[in-house]
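Only one structure is covered here, and it is reproduced in the block below.
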2 protein chains.
Amino acid sequence: MKEELSEFYNIFTGTKKDIESFMSILDPVINNAEDDHERLYYHHIYEEEEQRLSRLAELIPLIETFQAGKGGDFSPSNNTFNRLLQELNLEKFGLHNFVEHLDLALFQFKDAERQAKLSEMRGASHTSYQFVKEKLAGINERFETGYSDPHAHHDAHGDHLDHHAATPAQPAKPAGQKRSFTVGSLISK
Amino acid sequence: MKEELSEFYNIFTGTKKDIESFMSILDPVINNAEDDHERLYYHHIYEEEEQRLSRLAELIPLIETFQAGKGGDFSPSNNTFNRLLQELNLEKFGLHNFVEHLDLALFQFKDAERQAKLSEMRGASHTSYQFVKEKLAGINERFETGYSDPHAHHDAHGDHLDHHAATPAQPAKPAGQKRSFTVGSLISK
């Protein structure tokens, strides 16, 4: 668990910086939006990342507390440890959603400078997401937290976030059935 | 606190139904998306609401536990109560983000049927958000949870979610300074 904590610490301090970079890309776009729809769209994404930033401002010190050996046992009977796991499970989705925010931005900001910056953050975030997802699956199993992943059915259809998988677009499926999803064409353009 | 729990219960069971209605509106849109960008856009919103649904599946029983008098004291020394407050604080943002998802959908689905359904859910969600925000501010203060609202600076500039406020669009502000935001023209169209 010590080693994983160190990786989590690096991931979440890293993504914190990336959120700030992303916000600084969004800021002028919001200020110069051409209409209410465009402004709402970018402002909404900005706010979701801002919410994530404020959650990370609690999670990172909590990780540090455990790294310093002051969080108590790695045990489900320790409420502080349970809180750590809950927050990590939540920030796994935060990373997932960030990857998609970056993908959406890559569709819109086509200049070389922003493409390069967004692609770099997208790659790092995707790697971080995969790492956190894998490690948490192991931790949740190890500690029998009874946590079930609401995204598991998506992943079962293949990782729709993996932009290296050049899977062709899936045909439409009957409503109610889960769709698989590819953004295969996104980065390879 | 008993009375507030009852209101929270009604709000979160109500929004659960609305999420499901919203997903059933998004489902055919995703299946019939014209390109990867459009598909990612709606699928992303769909997934964020799906994440919220899975969190509500934990929050609602937790509220019921307290309603049944089985959650322990309403006290910061009770970890289950702290968990309740944490989850309520998180779902306040869930409601806020849902209002914006509905606003974004209102910009795009212009037929009378979907406009009516989305507007109805938008109104209810906005009322719920305001209620939860106000009650939680009081509760956080009463129990001195030390919780600070990362959105407070937005609200300080006026509630950008209030579509009845026909505030004109704000001029662009220097980067780094927080913007106020209006969607005044949204529903009044």
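Counting other Cβ atoms within 10 Å of each Cβ, which trypsin sites (Lys or Arg not before Pro) in segment A:1-84 have at most 11 and sit in a DSSP loop? Intermediate values should be presented prior to the final figure.
Numbers: sites: A:LYS2, A:LYS16, A:LYS17, A:ARG39, A:ARG52, A:ARG55, A:LYS70, A:ARG83; in loops: A:LYS70.
Listed in order of number, the matching sites are A:LYS70.
Residue of chain B with the smallest Cβ distance to the axis mapping B onto A, distance rounded to whole Å: B:ASN79, 2. In straight-distance terms, cross-link reach from B:LYS135 covers every one of the aspartates and glutamates whose alpha-carbon lies under 19 Å from its own, apart from those fewer than eight places away in the same chain; here that gives B:GLU3, B:GLU4, B:GLU7, B:GLU64, B:ASP73, B:GLU87, B:GLU91, B:GLU144, B:ASP149, B:ASP155, B:ASP159, B:ASP162. Can you grab the distance from the C-alpha centre of segment B:1-22 to the C-alpha centre of segment B:36-71, Å, no decimals? When both Cα centres are located, 11 Å separates them. With N the number of residues in segment A:28-81, Rg(Cα) / (2.2 N^0.38 Å) evaluates to 1.85. Three principal axis extents describe the C-alpha atoms of segment B:1-127; from largest down they are 53, 27, 17 Å.
Please order B:ARG114, B:ARG142 by the number of other Cβ within 10 Å, starting at the fewest.
Values: B:ARG114 15, B:ARG142 10.
Ascending number of Cβ neighbours within 10 Å: B:ARG142, B:ARG114.
The chymotrypsin sites (Phe, Trp or Tyr not before Pro) of segment B:90-142 that meet both conditions, a loop assignment by DSSP and at most 16 other Cβ atoms within 10 Å of the site Cβ, are B:PHE109.
Within the set of other residues whose C-beta is less than 11 Å from the C-beta of B:PHE66, count the net charge using Lys and Arg as +1 and Asp and Glu as -1. Please report the intermediate quantities before stating the final value.
Values: positive: B:LYS2, B:LYS70, B:ARG83; negative: B:GLU4, B:GLU64, B:ASP73.
The answer is 0.
Based on other C-beta atoms within 10 Å, arrange B:MET1, A:MET23 from fewest to most.
On the way: B:MET1 14, A:MET23 17.
Least to most surrounded, the residues fall as B:MET1, A:MET23.
Each residue of segment A:32-40 was assigned a 3J(HN,Hα) from its phi angle through the Karplus curve 6.51 cos²θ - 1.76 cosθ + 1.60 (θ = phi - 60°); the sequence is 9, 4, 7, 8, 4, 5, 4, 5, 4 Hz, with glycine and proline shown as x. For segment A:70-123, averaging the sequence separation of C-alpha pairs within contact (under 8 Å, six or more residues apart) and dividing by the residue count gives a relative contact order of 21 percent.
Plainly put, the tip 7 Å out from Cα toward Cβ on A:GLU134 is 5.0 nm from that tip on each other copy, the closest given first. Each of B:SER119 and A:GLU3 was given a label point 7 Å from its Cα along the Cα-to-Cβ line. The distance between the two points is 6.0 nm. Once the cut-off is 17 Å, how many percent of the Cα-Cα pairs in segment B:62-153 end up in the long-distance tail? Tail of P(r) above 17 Å: 58 percent of Cα pairs. Between A:GLN108 and A:GLU20, the C-beta separation translates, for a Förster distance of 22 Å, into a calculated FRET efficiency of about 0.65. The phi-based Karplus calculation (6.51 cos²θ - 1.76 cosθ + 1.60; θ = phi - 60°) puts the 3J(HN,Hα) values of segment B:16-30 at 4, 5, 5, 4, 5, 4, 5, 4, 6, 6, 6, 3, x, 5, 5 Hz, whole numbers, x for Gly and Pro.
Bear in mind that the values in this text are calculations on the coordinates, not laboratory data. Small disclaimer: the values here were computed from a predicted structure and weren't measured. Note that we place each Cβ from the backbone using ideal geometry, even for glycine, and neighbour counts take in every protein chain shown.
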